[in-house]
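**Student:** One structure is given below, represented as structure tokens, and several questions about it will come after.
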Ligand code: TRP
Ligand code: SF4
């Protein structure tokens, strides 16, 4: 019913590293040619975990945006914008919050996880508890059907689907249909009608697929129904109602996860990352000093690429013939680690050259970037306002 639309976002973390590039940006660039895409800087999200670090936000936002454009995100194809410049995100977050059970938020897998892991931070705030709902609003306010994200974000997309389903259930009723469906329900007979009603509620409120199956089986067995009423009840079971919000699908990125220079997760804060725009000399130094399979103390010691943080880089950056050369050369100790790293260095330098050139345009002329983003914010806002009109009406707020 609604057109396909893509939304994704990133927190402003400053200059991007090659993990961001291959994990997300390459995918965004691919999608922008196929679908209308909305790419958002999630600056409010930064405050959910660091409400007292406000000075870095602005700086990180613009640095990150330069790298999006340098990666090839094209403002003529995609809409690039900043969350806080589209206040409709806040309004939808507030309105969705009215009917969001606290337990749903407390059970988001990252919630307790992060509180334990980031124990140096104060995460016992309303903002942190509510951030998955804010993310849901980010997506739903554009009626996005697809959300390209990494594995770690999948529970948030699942949560978003549940929020959308609940909203449509609570506020999406269409006049006439419901009465007819209720009449048809009576024809099921008392006991069955009651069971039907129960499983329907369980599916629509909680997305319980078992309940949906149970409801379908019940209808399939019901002899007393006319064809029309049966159809009606199948539709009613799944929610043939006005869909105000769209349930989005997560689109996982295909790229394998890139570890950092030391084999741990790549992150600027661990100091183990390679930037998307690294100085060529620094890039070369970083790769040359990368640790390798610890078993290869001397050149004559055989190694195992699977135990070496250099290998995942090869999988992304070099071709099949080079992979074979690495595999056999490493295991037979016929190549040295510096030999092994050279094709990587070459490939990275080659990849980064055009990226650096594209970034330079925006570094030289900061107003260019400001204009692109202002334009994107306007475009995003129009779409968000459209959704909010329907949401307000559905929630009884369009009175005069
Ligand atoms: N929470 C996401 C992250 O930490 C960022 C984000 C915010 C996002 N809003 C979004 C991602 C909407 C996809 C869709 O990476
Ligand atoms: Fe790693 Fe390559 Fe050295 Fe093997 S030869 S240990 S894969 S750097």
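The values are calculated or read from the model by the stated rules, or taken from the named source; none is laboratory data. Here the structure is a predicted model, which is why all the values come from computation and not from measurement. Neighbour counts run over all protein chains shown; Cβ positions are idealised from the backbone, glycine included.
**Student:** So in the range 141-171, with the set limited to residues that are in a loop (DSSP other than H, G, I, E, B) and farther than 18 Å from residue 90 by Cα, which one is nearest to ligand 2 (Cβ to nearest atom)? Steps first, please.
**Tutor:** Step one: list which residues in the range 141-171 are in a loop (DSSP other than H, G, I, E, B), which gives 141-145, 150.
Within this subset, residues satisfying the condition of being farther than 18 Å from residue 90 by Cα are 145, 150.
On the way: 145: 41, 150: 25 Å.
Here the answer is 150.
**Student:** Please pick out the residue among 241, 230 that is assigned to a loop (DSSP other than H, G, I, E, B), modelled with pLDDT under 85 and either closer than 28 Å to residue 196 by Cβ or more than 16 Å from ligand 2 (Cβ to nearest atom) (or both).
**Tutor:** 241
**Student:** Let me ask another. Name the pairs whose Cβ atoms lie under 7 Å apart, with the first residue in the range 78-98 and more than 22 Å from residue 57 (Cβ to Cβ), the second assigned to a loop (DSSP other than H, G, I, E, B), and 6 or more positions between them or separate chains?
**Tutor:** What qualifies is 95/395.
**Student:** Only one of 220, 211, 250 is modelled with pLDDT of 85 or more, outside any loop (DSSP other than H, G, I, E, B) and under 30 Å from residue 314 (Cα atoms). Can you tell me which?
**Tutor:** 250
**Student:** Taking the options 299, 368, 344, name whichever one is surrounded by 13 or more Cβ atoms within 10 Å (Cβ to Cβ), free of Cβ contacts under 8 Å to residues at least 60 places away in the same chain and over 30 Å from residue 7 (Cα atoms).
**Tutor:** On the way: 299 fails: surrounded by 13 or more Cβ atoms within 10 Å (Cβ to Cβ); 368 fails: over 30 Å from residue 7 (Cα atoms).
On inspection, the qualifying residue turns out to be 344.
**Student:** Does residue 95 qualify as being modelled with pLDDT of 95 or more, part of a helix (DSSP H, G or I) and buried (at least 22 other Cβ atoms within 10 Å of the Cβ)?
**Tutor:** Here the answer is no, as residue 95 does not meet what is asked.
**Student:** Restricting to the range 254-285, and then to whatever is modelled with pLDDT under 85 and in a loop (DSSP other than H, G, I, E, B), can you tell me which residue is surrounded by the most Cβ atoms within 10 Å (Cβ to Cβ)?
**Tutor:** 255
**Student:** Go through the range 143-158 and give me each residue that's surrounded by fewer than 18 Cβ atoms within 10 Å (Cβ to Cβ) and more than 8 Å from ligand 1 (Cβ to nearest atom). I'd like the intermediate steps shown before the answer.
**Tutor:** The first filter runs over the range 143-158 and keeps only residues surrounded by fewer than 18 Cβ atoms within 10 Å (Cβ to Cβ), leaving 150-152, 154-155, 158.
Across the range 143-158, the qualifying residues are 151, 154, 155, 158.
**Student:** Can you confirm whether the range 70-83 contains a residue that is in a helix (DSSP H, G or I) and either over 24 Å from residue 140 (Cβ atoms) or outside the structural domain of residue 154 (by TED's automatic domain parsing) (or both)? Walk me through how you get there before you give the answer.
**Tutor:** So the first thing to find is which residues in the range 70-83 are in a helix (DSSP H, G or I), and the list is 70-71, 83.
In the following step, the residues that additionally are either over 24 Å from residue 140 (Cβ atoms) or outside the structural domain of residue 154 (by TED's automatic domain parsing) (or both) were identified as 70-71.
Yes: the range 70-83 contains one or more residues that are in a helix (DSSP H, G or I) and either over 24 Å from residue 140 (Cβ atoms) or outside the structural domain of residue 154 (by TED's automatic domain parsing) (or both).
**Student:** Which condition breaks for residue 112 when tested against (1) out of contact with any helix residue (DSSP H, G or I) (no Cβ under 6 Å at 6 or more places or on another chain); (2) away from ligand 1 (no atom under 14 Å from the Cβ); (3) over 24 Å from residue 208 (Cβ atoms)?
**Tutor:** (3)
**Student:** Look through 19, 9 and report the one residue that is closer than 23 Å to residue 154 by Cα, in contact (Cβ under 8 Å) with a residue 12 or more places away in the chain and part of a helix (DSSP H, G or I).
**Tutor:** Result: 19 is the single residue among 19, 9 that is closer than 23 Å to residue 154 by Cα, in contact (Cβ under 8 Å) with a residue 12 or more places away in the chain and part of a helix (DSSP H, G or I).
**Student:** Being over 14 Å from residue 287 (Cβ atoms) and assigned to a helix (DSSP H, G or I), is that true of even one residue in the range 345-354?
**Tutor:** yes
**Student:** For the range 307-329: of the residues being under 27 Å from residue 271 (Cα atoms) and within 9 Å of ligand 2 (Cβ to nearest atom), which is surrounded by the fewest Cβ atoms within 10 Å (Cβ to Cβ)?
**Tutor:** 307
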